[in-house]
Amino acid sequence: MTEVLYEIVEHDGGWAYKVGDVISETFETHDEALAAAKSAAARQELPGDTTDIEYEDERGRWHEETAPGDDRPHTDVVDR
């Protein structure tokens with residue numbers, strides 16, 4: 001199972017959460033950023049609908065797959 005980490009970081013004069021190289025909007029306080037990260041992490045674990053998807057890989061080849069709605073990552077919020 002995939003794991004997605006939400007990390008609380010100082011950003012642009014305030015606080016944000018970071019997932020990989022992507023940083024959220026800036027929040028005024030640490031507690032606001034932490035609450036937003038916990039909310040986003042919880043929503044990401046919610047199951048959805050099973051659906052067919054198509055995507056193009058880096059070599060320009062197209063692929064078709066079925067994405068099961070219950071195949072959600074485990075998430076965790078890291079606050080150092």
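Some notes on this structure:
- Selection from the stretch 25-80 of residues that are part of a loop (DSSP other than H, G, I, E, B), under 17 Å from I8 (Cα atoms) and either within 16 Å of the chain's Cα centre (by Cα) or not acidic (D, E) (or both): E25, T26, T29, D79, R80
- When each of T51, T66 is tested for being of a type outside the set (F, W, Y), exposed (fewer than 11 other Cβ atoms within 10 Å of the Cβ), touching a Gly at 6+ places or on another chain (Cβ under 9 Å) and on the phi < 0 side of the Ramachandran plot, the lone residue that passes is T51.
Just so you know, all these numbers are worked out from the coordinates, no wet-lab data involved. Computed from a predicted structure; not experimentally measured. A quick note on method: Cβ atoms are made from the backbone with ideal geometry, for glycine too, and the neighbour counts reach across all protein chains shown.
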